[in-house]
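A quick write-up on the structure given underneath.
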Amino acid sequence: MTSHETRIRPLIWMALAFAALWMAGCGGGSSTAPDGDGADGDTPCTTDSNCPSGEVCGADQVCIPIDGDLPADGDDPNPTRIFRMTPDGTLDFGEVQLVDSAFADVVIYNDGNQAMHLYEATFTEPQVDNPWSLDGYMEATIQPGQSFTFKIRFQPIVLGENPGVLRISNDSDNMPEATLNLAGDAVKEIGEAEIGSDPDAVEFEEKALGTHAAQKRLKIGNLGTGSSQIIVTQVYMQSNGAQPFSYEHELEISEDEPLTIAASSSSPFTIWFDPITAGEYSDKLVVEYHTNLDSAGQVLEVPISGDAVIGQIYMTPPVLNFGSVPLFGAKPLDVRLSNKGDVGEINITSLRITGIDNWQTIFTSSAGGMDPVALAAGANHEFQLTFNPSAVENYDAELRVDTDFNGTSFYFPILAEGSARNEKPEARVSQVENGADIGAPLEIPVGSTKTFYGAISRDPDGNSGNLTFQWYLTKPPASVANLIPDTTSPTVSLLFDVAGNYLISLVVTDEQGDESDPKNVEVTATAGLSTMRIQASYSGISALSDVDLMYVIPLGNLYNEEVCAASTGTCQVPSAYGTINLMGCGSASVCTTETVTHAYAPDGTYEFRLNFDENCPYAVNDPLNYLCLTSLGKEEATATINIYIDNEDTPSFGPFQVDLTEKGQTERWNFTRNSGVWQAPVHLE
């Protein structure tokens, strides 16, 4: 606001106040009573005595009729005038700039049943330098159920808190001396914030490699006025460390702990340029901020540039990075110092390492490597520097090269870390994923498939997730089983195809290349637990019909008496599936019982079937063949099935029966072996 506006504004308010008072005498005001200015016969008034009989003075100083539904004063046996005001108690304007003003409405209600009169309204506090004034208030009459509205103006005079008290006299029954507490906080003119930097861009002159890092000062400031603020929430290099620039500030700036810059103030930053290779570099300092008038984030970017050139003395490699070396270990690096200048011979007067104490015991050099030496133009001085850590810590240091070239010293960075001695990893094997380490020999039925989990192995001083695996298998001579999917997988499986002793071993290797001791798991495959026999007995059939027992392994191979040799009953099956013996019947005239015996069966789902081959007892050309055609001569059979495990005398499953009534009828069952245990067969519909 200009000083001219400051002078004019009070005059305007005085004129407005005068106009309001003039209008009040002419029918103005805030009452909810009907408007009127006297032009249509309404009588102006200041009190009820100015009005004719049957009328009272309204809140806008015009006589109005008394509501016919309400008794006149004195007629009601219980007359009431109830004063109510909003806001009630305190009116707080909050912060208001010293050069500004604020208004707020105040409403007075008559909650009684008789007309209520408002009298004088005065500010009892403060006595001097009063920032409070009224707009639109007058002595008025408020009818029952109606209200009167006026405004309070806060025009700050002095900075800080401005309390006040307004007293309103009236003839109410409950609050004839009503008071309203006032509060307002006068603040400086906020003004508009404007961010800037000095300089607009940071430019470094040519910097010779090997010389100490160059630095420049940068100021981030608020060019705004008044009490404006710039609130910096984050500062960073745009390249995020990809360029050789960095910054320093006395504060750790974050959203939780921002940097606040007042008007006409600034905050200093230090910009560093420390390249390790020659070239032109550029980056930006990014400043994220907002102002106290704007919560939306904004960004200031300050360009930064610099040029790095090869100095008189240059080191290859430009950084000696030893990485991590275990305690009392040793790692050598080849170092070459070169005279890259054109000034002729340069004498290296001393070579030493700065930044750490007792560097001679931590870094050792080949013979003569750290001695003074004369370097002709273009010549090199080569030696070997070995890192021998004695503690678990970072050894950030510099190789200092003192010369007689204008007394200049050159500095080249050294990065090295001493780490704890590497502990070899521990190989462990479990029977279930994330289970306990196997601590005793295992006994497994022949034909079972077992899975072994090596991922529970651990690296005491590294990342166990980066271990590599190598499994080994020792098996009986007759076994053809192999670890699957391969011997380098964290998890392997093995089918124990023959009886005997097996040895599964695991060795793990950590990131440092150290191997664990072998973890050995002894497994004994027992044959006596793997014999299963299916016995199917038939009844109710003649020699002309047949019931056929068939057996199917998971590979899909089907076996019956036609496949297995009748003399021995032994079927040729894949070696991994043990042996199958099937004793079948050519017809009911031969036998009424068939059996399938499966020894050393591996885990899996098998199937057995019954197929009914019914023949009509009459020849095709027999005159009575119609009996077959009309089903009068058909046969039916009943099959009873028992299943015996491990040569037990009593069946483990059964007996259960099935009726065979149709030629070509086939009944099927699934029979599953899981972890060496046969489950109850499931009849397939």
Need the list of lysines near residue 151 for cross-linking: C-alpha distance under 29 angstrom, and skip anything on the same chain fewer than eight residues off. 188
Taking N as the number of residues in region 160-226, what is its Cα Rg relative to 2.2 N^0.38 Å? 2.73
Based on the alpha-carbon gyration tensor of region 425-466 and its eigenvalue square roots a ≥ b ≥ c, which shape applies: rounded if a/c is under 1.5, prolate if not and a/b is larger than b/c, or oblate? prolate
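Of the cross-linked pairs 450/475; 331/424; 219/284; 475/519; 424/450; 424/475, which ones have a Cα-Cα span greater than 18 Å in the structure shown? Walk me through the numbers before you get to the answer.
Details: 450/475 14 Å; 331/424 20 Å; 219/284 14 Å; 475/519 16 Å; 424/450 28 Å; 424/475 28 Å.
Those over the limit are 331/424; 424/450; 424/475.
Multiply the residue separation of residue 659 and residue 246 by 0.36 nm, subtract the distance between their alpha-carbon atoms, and state the gained length in nm to one decimal.
Working: separation 413, 0.36 × 413 = 148.68 nm, distance 8.98 nm.
Gain on stretching residue 659 to residue 246: 139.7 nm.
Sequence gap at least 6, Cα distance under 8 Å: using those rules, report the relative contact order of region 358-466 to the nearest whole percent.
Details: 134 pairs, mean separation 20.8, N = 109.
The normalised contact order for region 358-466 reaches 19 percent.
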Expressed as a whole-number percentage, the relative contact order of the chain with C-alpha contacts under 8 angstrom and at least six residues apart is 7
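For residue 406 and residue 319, what is the calculated FRET efficiency with R₀ set at 25 Å and r taken between the beta-carbons, to the nearest 0.05?
0.50
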Which loop-located chymotrypsin sites (Phe, Trp or Tyr not before Pro) does region 299-366 contain, where loop means any DSSP state but H, G, I, E or B and the Cβ has at most 10 other Cβ atoms within 10 Å? 328
Given that just one value was derived from the coordinates, which of (1) 95, 65, 20; (2) 98, 32, 19; (3) 66, 34, 26 is semi-axes √(5λ) of the Cα gyration tensor in Å? (1)
Quickly rank 344-353, 594-603 as a protection proxy: mean count of other C-beta atoms within 10 Å, highest first. 594-603, 344-353
Within region 143-240, trypsin sites (Lys or Arg not before Pro) in DSSP loop having at most 16 other beta-carbon neighbours inside 10 Å: 188
Candidate cut points under GluC sites (Glu not before Pro) in region 225-309, DSSP loop plus at most 12 other Cβ atoms within 10 Å of their own Cβ, are 250, 252, 255
Can you tell me which lysines have their Cα less than 27 Å from the Cα of residue 663? Leave out same-chain residues fewer than eight positions away. 634
In terms of the charge dipole of the chain, which places +1 on Lys and Arg and -1 on Asp and Glu at the beta carbon, the residue among 98, 121, 370 farthest towards the positive end is 370
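Could you sort the peptides 221-230, 474-483 by per-residue average Cβ neighbour count (10 Å cutoff), highest mean leading?
Values: 221-230: 20.4, 474-483: 14.6.
Output ranking for 221-230, 474-483: 221-230, 474-483.
Pop the C-beta distance of residue 484 and residue 380 into the FRET formula with R0 = 35 Å and round what comes out to the nearest 0.05.
Working: r = 57 Å, r/R0 = 1.64.
Step by step, r from the Cβ atoms, then E = 0.05.
Considering just Cα atoms, how many Å³ per residue does the convex hull of region 239-393 enclose? Before the final figure, lay out the partial values.
Working: hull volume 28.4 nm³, N = 155.
With only Cα atoms used, region 239-393 gives 183 Å³ per residue.
Between residue 305 and residue 491, what's the calculated FRET efficiency when r is the beta-carbon distance and R0 is 60 Å? Round to 0.05.
Values: r = 55 Å, r/R0 = 0.92.
FRET efficiency, residue 305 to residue 491: 0.60.
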To make sure I understand the rule: partners must be aspartates and glutamates, Cα under 15 Å from the Cα of residue 340, and not fewer than 8 residues away in the same chain. Which ones qualify? 382, 404
Between the modelled labels at residue 592 and residue 371 (7 Å from Cα along Cα→Cβ) the distance in nm is 11.2
May I ask you to compute the full-extension gain from residue 277 to residue 396, defined as 0.36 nm times their residue separation minus their alpha-carbon distance, rounded to one decimal in nm? 41.0 nm
Give me the base-10 log of I(q)/I(0) for region 280-371 at each q in 0.18, 0.20 Å⁻¹, Debye formula, one uniform scatterer per Cα, rounded to two decimals. -1.00, -1.12
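Rounded to the nearest 500 deg cm²/dmol, what is the calculated helix-only ellipticity per residue at 222 nm for the chain, with -39500 (n - 2.57) per DSSP H run of length n ≥ 4?
Working: 3 runs with 30 residues, N = 685.
Rounded to the nearest 500, the figure is -1500 deg cm²/dmol.
If each residue of separation counts as 0.36 nm, what is the full-extension length gain between residue 264 and residue 650 once their alpha-carbon separation is subtracted? The partial results should precede the final answer.
Details: separation 386, 0.36 × 386 = 138.96 nm, distance 10.23 nm.
Answer, rounded to one decimal: 128.7 nm.
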How long are the semi-axes of the equivalent ellipsoid of region 403-529, defined as square roots of 5 times the Cα gyration tensor eigenvalues? Whole Å, largest first. 48, 13, 10
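None of the figures in this text is laboratory data; all of them are computed from the coordinates on show. Because the structure is predicted, anything quoted here is derived from the model rather than measured. Using ideal geometry, Cβ is built from the backbone for each residue, glycine included, and neighbour counts are taken over all protein chains shown.
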